[in-house]
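Participant: Structure below; questions to follow.
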Amino acid sequence: MARPAEKASLDNWYVIDALADIPAGTRPNRLLGRDLVVSREGDNVPAVRERLANGSLGEPLPIRQRWGYLWTTLGTPPRELFDIPEADEPDRRHVVCGAVAVRASGLRIIENFLDMAHFPFVHTDILGAEPHTEVHHYTTEIRRDVDEVWATNCEFFQPQAALSAQGGIMTQYMYRVAAPFQTLLYKTCPAAANRWDVICLFVQPLDHDRCRAHPVMFIVDDESTLTSMIHFQQLIFLQDRIILENQRPRLLPLEPRAEIPTRADISSVAYRRWLKEKGVTFGTAERAA
């Protein structure tokens with residue numbers, strides 16, 4: 001029998017669908033090993049309920065509608081959803097990139113998102129290329145005042161940093177893990193040197209080793225079509241999915257000796273330490289105490 005989700009995972013907000021993809025009527029969904037039902041009447045606000053063991057539906061769960069998505073929780077989050085100030089800037093393109101199913105722990109997906117070392121080998125001639133394989137020194141910290149993990153001063157040479165980029169550039173990055181299954185990337189904006197493009201990855205853990213990833217972008221790009229931007233982002237993530245689904249174990253080990261990190265993995269080390277401090281075990285290879 002699968003381990004149930006622990007309080008640290010339950011007490012968070014999770015994306016379960018893009019609002020535009022929720023039709024009228026009812027349909028099943030899933031979160032943290034539990035079956036859900038999403039219902040909507042016409043253009044009304046959707047309702048989310050858990051399907052109980054006896055087949056009946058529980059009381060409506062809390063919901064939020066933000067950034068084009070429906071969010072819910074199975075616990076009692078201690079705070080509201082995190083902020084993305086750039087999402088409110090009127091000249092940015094808001095690009096919801098669809099959901100991708102992945103047979104891997106949602107925590108593995110977040111960790112892969114933080115990893116620059118794989119760019120030349122997985123995203124060849126797009127996000128990286130040989131011989132530019134070195135991950136330069138960067139800074140990682142757990143920001144206790146906001147309870148987030150940040151990696152700053154990151155840079156990597158990229159042949160095509162974005163769909164609108166013309167030629168290779170040294171791309172600047174900042175990574176932000178705002179919740180155990182939610183992460184954001186701030187990167188060099190080819191169209192505006194003094195601003196950041198923002199790419200978010202909201203992970204919906206279905207089970208310990210199965211999830212849906214919901215990428216969304218807030219970018220400055222007046223040239224590319226919506227379809228081409230979605231295709232570009234999906235190409236990147238589908239390349240990642242091949243690697244993620246072949247990682248073993250599928251669950252994320254938290255014990256320091258389970259997987260040996262390198263100098264390029266300091267953001268992963270901080271992320272795993274933060275998860276362990278918080279008591280997160282859903283999607284990990286560690287048994288609950």
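The values are calculated or read from the model by the stated rules, or taken from the named source; none is laboratory data. Please read all numbers here as calculations on a predicted model, not as lab measurements. Heads up, the Cβs are rebuilt from the backbone with ideal geometry, glycines too, and the neighbour counts pull from every protein chain shown.
Participant: What's the total number of residues in the range 1-10 that are buried (at least 17 other Cβ atoms within 10 Å of the Cβ) and of a type outside the set (Gly, Ala, Ser)?
Facilitator: Final tally of qualifying residues: 2.
Participant: Does TRP196 fit the bill of being under 30 Å from ARG144 (Cα atoms), modelled with pLDDT of 95 or more and surrounded by fewer than 20 Cβ atoms within 10 Å (Cβ to Cβ)?
Facilitator: No, not satisfied.
The rows are residues; the columns are (1) in a strand (DSSP E or B); (2) within 19 Å of ALA18 (Cβ to Cβ); (3) in contact with a Phe, Trp or Tyr (Cβ under 9 Å, 6 or more places away or on another chain).
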position	(1), (2), (3)
ASN54	no, no, no
LEU61	no, yes, no
GLN65	yes, yes, yes
LEU74	no, no, yes
PRO77	no, no, yes
HIS94	yes, yes, yes
ILE110	no, no, yes
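Participant: Would you confirm, using the coordinates I've provided, whether PHE156 is within 26 Å of PHE82 (Cα to Cα), buried (at least 19 other Cβ atoms within 10 Å of the Cβ) and of a type in the set (A, V, I, L, M, F, W, C)?
Facilitator: no
Participant: Does the range 249-268 include one or more residues that are at pLDDT 90 or above, assigned to a strand (DSSP E or B) and under 25 Å from ALA8 (Cβ atoms)?
Facilitator: yes
Participant: Just checking, which of ALA20, ALA99, ALA5, ALA87 is touching a His at 6+ places or on another chain (Cβ under 6 Å) and in contact (Cβ under 8 Å) with a residue 40 or more places away in the chain?
Facilitator: Exactly one of ALA20, ALA99, ALA5, ALA87 is touching a His at 6+ places or on another chain (Cβ under 6 Å) and in contact (Cβ under 8 Å) with a residue 40 or more places away in the chain, namely ALA99.
Participant: Give me a count of the residues in the range 41-83 that are more than 21 Å from the chain's Cα centre (by Cα) and among the acidic types (Asp, Glu).
Facilitator: Looking only at that region, the number is 4.
Participant: While we're here: Looking at the range 202-248 only, could you name the residues that are β-branched (Val, Ile, Thr) and part of a strand (DSSP E or B)?
Facilitator: VAL203, VAL216, ILE219, listed by residue number.
Participant: Also: Might you let me know whether the range 84-105 holds any residue that is over 16 Å from the mean Cα position of the chain (by Cα) and farther than 30 Å from VAL220 by Cβ?
Facilitator: no
Participant: Of everything in the range 21-52, what is part of a loop (DSSP other than H, G, I, E, B), closer than 29 Å to ALA104 by Cβ and of a type outside the set (Val, Ile, Thr)? Give them in sequence order.
Facilitator: PRO23, LEU32, GLY33, PRO46, LEU52
Participant: So is ASP221 of a type in the set (D, E, K, R), more than 19 Å from ARG93 (Cα to Cα) and assigned by TED's automatic domain parsing to the domain that holds ALA99 or not?
Facilitator: No.
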